[in-house]
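Every read-out reported here was derived from the displayed coordinates using simple, explicitly stated rules and does not represent laboratory data. Computed from a prediction, not measured in an experiment: that's the story for all the values here. Glycine also receives a Cβ, built like all others from the backbone with ideal geometry; neighbour counts cover every protein chain displayed.
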């Protein structure tokens with residue numbers, strides 16, 4: 001039976017057959033996983049592109065300070081312009097790569113390295129693996145309750161994580177905007193001298209930017225897992 005399932009799954013995938021609802025559910029889930037990234041990534045591309053335009057305008061309008069070509073304000077705007085442009089280009093590549101898997105999920109799904117062989121142990125994980133194997137082999141569209149429960153737990157976990165990290169994302173964005181605006185206001189003032197508070201704004205301002213990007217990645221990843229739990233569950237079950 002251990003050898004029969006991988007062979008059956010491989011034949012179904014290669015033939016492109018729609019006769020196995022269980023496998024079709026996995027393939028649709030795989031397509032959804034990438035579609036979420038395409039949609040969210042497309043929105044992020046638009047946001048970062050708009051931010052790049054905004055920082056470009058601010059850069060061109062920022063005045064020279066004491067005859068210097070690159071004052072602190074210009075350096076800040078240029079740094080944010082460069083960062084946003086790089087993130088925009090990176091997101092375009094990611095969206096394009098995931099779009100191919102969204103439009104043609106069968107090819108990408110067939111490349112997944114999933115070892116469907118299992119042990120005969122009495123553990124809960126082995127029970128899940130057996131149930132998953134039997135579901136795929138049966139071709140039944142009705143998901144076994146033990147597997148559906150696993151899907152529901154994954155959805156609940158990643159949804160909660162996405163909400164928490166999304167809240168942190170908003171917090172870090174707000175803090176970043178506040179700190180950089182305050183720092184730029186202080187720099188523009190007459191007789192500006194770097195003090196401890198200004199250095200703190202600079203350090204924590206950079207930290208919030210990094211944390212914002214990190215939270216953005218975490219939110220997107222958890223949204224994918226929440227909307228498409230089946231394929232990830234299969235990979236976690238049989239590749240660990």
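Brief remarks on what is shown
- Computed E for residue 164/residue 50 - FRET, C-beta separation, R0 35 angstrom, nearest 0.05: 0.85
- Sites residue 197 and residue 70, calculated FRET efficiency, Cβ-Cβ separation with R0 30 Å, nearest 0.05: 0.80
- Net length gained if the chain between residue 157 and residue 214 were fully extended (0.36 nm per residue, minus Cα distance): 18.6 nm
- Computed over segment 4-238, the percent of Cα pairs more than 23 Å apart is 61.
- For residue 60 and residue 78, the difference between the fully extended length at 0.36 nm per residue and the C-alpha to C-alpha distance is 5.5 nm.
- Take the Cα of residue 236, step 7 Å toward its Cβ, do the same at residue 24, and the gap between the two points is 2.7 nm.
- Segment 100-240: equivalent-ellipsoid semi-axes (sqrt of 5 x gyration tensor eigenvalues, Cα, Å): 49, 15, 13
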